[in-house]
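To start, the structure itself, in structure tokens.
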């Protein structure tokens, strides 16, 4: 048993999942399943997939990104263009008893790893493909996002062009939907013996989310979509402010109590009351607070301009207001609240160095599972050939001669 | 059996989940579990939770948002402040045989619905709480996001302040992690009989994501975090462009082939080759394309400025380049590609009207489950009291007299 194997207590303990993947969505899905206890084997072509050297890199050129999205997996490298390599991987997918037979992939269009070919060997196969668009055409997070409507309503109201998100929302959501779909399919297979042919298009994750949150319904039902409202919270009162010493704050007031506390903290009780009377506005109604947000913001902003960040933090603490200081990634990486968060484990990541890595953001009985390291590319090729495919050392030596499998990348250095 | 019950073929068929929730994360988790076949009963206080009238609203004042996030659930309304109401809901959570005993909630701090109180009655309870921050303090998507680092690197490089996202990324990811954690815990309970006490802080979902994608590791390992790079794709070549007729396009080139096609499509083969020689730059390397992105963008932008959106679309189609036109929500809501997408179902939503609603973005055997309507508030109170708690019509009448339960909101109109 490898150290990467699941423990008996973990919810997905025993499952054996093969992942043929690259970039964010499918690797995140596989990593999340591994965090829940599954044995996940990421299969890469010789030299690694197209995400092998994705930025951010360390100064020595190792991919921090790759290390972050492949934690706790085993790595198997094969020549995916050769019939022999394909046959080995197909055997790996369809094998390993009742808890195997699960493929998670975002590389589509290859017949040998398609549902039909693999389900002939293993009718109870669980096969999940992540695709770009619903019609089968290609797409990645940043192109899918362009078509969602969100970039044209992000940013300052007077800004003209699109503003892309930085966090790849659709990849993240797609990866989590994929992990969920596989887990639910496993539950069904364990109850009924039935396999599943599943597909999740990135585009449809984005469209479903835009629909679930009302963005599409609003445009369809009211004839006009969401406007660009800057950093304001749509439909209620939330806004960013700047302190006397130039620190940015975000405040959200969802309930009448939150709003009363904000009015009180900023010393604007009388002027807001006078405004309510003058405008005949009931500020206990969140829509009314939203409609009058600009004048309210102008009233509150003076108090923020007159106080330092520390004074503001002290005044807001203990109120019901939802608030936060904006922090940079640099501040975040050194903030004691973050470095002491039990979500993180210091891991000695080969090639990358020692760094703080996150486990799954799910606490069980009040504790988080420690983060694990990502494998070196091809690190488990021999072990998988031996333990999962039953090959002998002689078989493995012959495979290496034909270059069908590799324990490491001969084309690129893998420190 | 109600029309909201699961079908036998669905992967989470048979499960009975109680959701005490509001806003996005917990309702999305419950809805997603319902889309996979679970019977999900959303419990609300009399009059509805704080998200009852959340924007966007129809012109008649019904919440499109609430309808979007509660599709396919049953609705049970009780006076959650009265001991009698609490006792009924506790019985509902802990009852319904081996497939019941599951609570999903984002309302914390109430002893009667805490793990300890409920697990005394039902040791195999699966109890999942969504909280704001890891230390138990409050937080919502927009405040959590302020502290992640993302708003300070979103938007144009010359912009000074924070730019908030519009799609509540952390709520979405948290809801999907929650649906996954419940499903995995069900699999464990079905195998071992053990329950689970689970918690997911919104803050830790954000921190784990920032870590998984390398944003935190980059700041820690390299001593400096991600810069603000506008709409450029970090570490590779991707950029937005504007056509002669003012249409915005997003293009992404991840591989040397993508980039070659972009150079070819824009008629810049000779000038890009001369540039590569002059700069001693190898544009087959994605990091090199990124470093020289501004000069490359300046070269390509001329071609976009000289062509209409239709000409550009025609020229890019059939190439390997990943590209998309930016669309507004209004364009999205009427685009035939969207309205014909089998992800959507026209549903007659009471109060809201007929509109296009999305099902889960997971196709099974090539088809999507149709979207279902959201319940009216309290619609299933009587049915749940009768079917799930075994009460008689007389019992129900007595409960209504004490106002412990309600079939609908007496405080607000619910059209």
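The values are calculated or read from the model by the stated rules, or taken from the named source; none is laboratory data. On a predicted model such as this, the values are computed, not experimentally measured, just so you know. No Cβ is skipped: glycine too gets one built from the backbone with ideal geometry, and neighbour counts run over all protein chains shown.
Beta carbons closer than 7 Å, at least 6 apart along the sequence or on distinct chains, pair a first residue in the range A:299-311 that is within 11 Å of residue A:242 (Cβ to Cβ) with a second that is part of a helix (DSSP H, G or I) for A:304/A:312.
To keep it simple, each residue is scored yes or no on (1) under 20 Å from residue A:287 (Cα atoms); (2) without any contact (Cβ under 8 Å) to a residue 24 or more places away in the chain; (3) more than 7 Å from every other protein chain (Cβ to nearest Cβ).
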{"position": "A:165", "(1), (2), (3)": "no, yes, no"}
{"position": "A:175", "(1), (2), (3)": "no, no, yes"}
{"position": "A:188", "(1), (2), (3)": "no, yes, no"}
{"position": "A:196", "(1), (2), (3)": "no, no, no"}
{"position": "A:224", "(1), (2), (3)": "yes, yes, no"}
{"position": "A:228", "(1), (2), (3)": "yes, no, yes"}
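When you check residue A:194 against the structure, is it loosely packed, with under 15 Cβ neighbours inside 10 Å, outside any helix (DSSP H, G or I) and modelled with pLDDT of 95 or more, yes or no?
Against the criterion (loosely packed, with under 15 Cβ neighbours inside 10 Å, outside any helix (DSSP H, G or I) and modelled with pLDDT of 95 or more), residue A:194 qualifies.
Within the range B:230-255, the set of residues being part of a loop (DSSP other than H, G, I, E, B) and under 26 Å from the mean Cα position of the chain (by Cα) comprises B:230, B:231, B:232, B:233, B:234.
Does residue A:127 count as farther than 25 Å from residue B:319 by Cα, within 26 Å of the chain's Cα centre (by Cα) and part of a loop (DSSP other than H, G, I, E, B)? Against the criterion (farther than 25 Å from residue B:319 by Cα, within 26 Å of the chain's Cα centre (by Cα) and part of a loop (DSSP other than H, G, I, E, B)), residue A:127 does not qualify. Within the option set A:359, A:351, A:366, being more than 18 Å from the chain's Cα centre (by Cα), assigned by TED's automatic domain parsing to the domain that holds residue A:33 and within 30 Å of residue B:179 (Cβ to Cβ) holds for one residue only, A:366. Are any of the residues in the range A:135-157 over 25 Å from the mean Cα position of the chain (by Cα) and more than 8 Å from chain B (Cβ to nearest Cβ)? Taking every residue of the range A:135-157 in turn, at least one turns out to be over 25 Å from the mean Cα position of the chain (by Cα) and more than 8 Å from chain B (Cβ to nearest Cβ).
Every condition in (1) surrounded by fewer than 22 Cβ atoms within 10 Å (Cβ to Cβ); (2) assigned to a helix (DSSP H, G or I); (3) touching a strand residue (DSSP E or B) at 6+ places or on another chain (Cβ under 8 Å) is met by residue B:398 except one, and the failing one is (3). Selection within the range B:102-118: residues that are touching a helix residue (DSSP H, G or I) at 6+ places or on another chain (Cβ under 8 Å) and in a helix (DSSP H, G or I). The member of this set that is surrounded by the fewest Cβ atoms within 10 Å (Cβ to Cβ) is B:111. Counting only helices (runs of 4 or more DSSP H) wholly contained in the range A:261-380, the ones carrying 2 or more residues that are buried (at least 17 other Cβ atoms within 10 Å of the Cβ) and within 8 Å of chain B (Cβ to nearest Cβ) occupy A:286-291, A:329-334.
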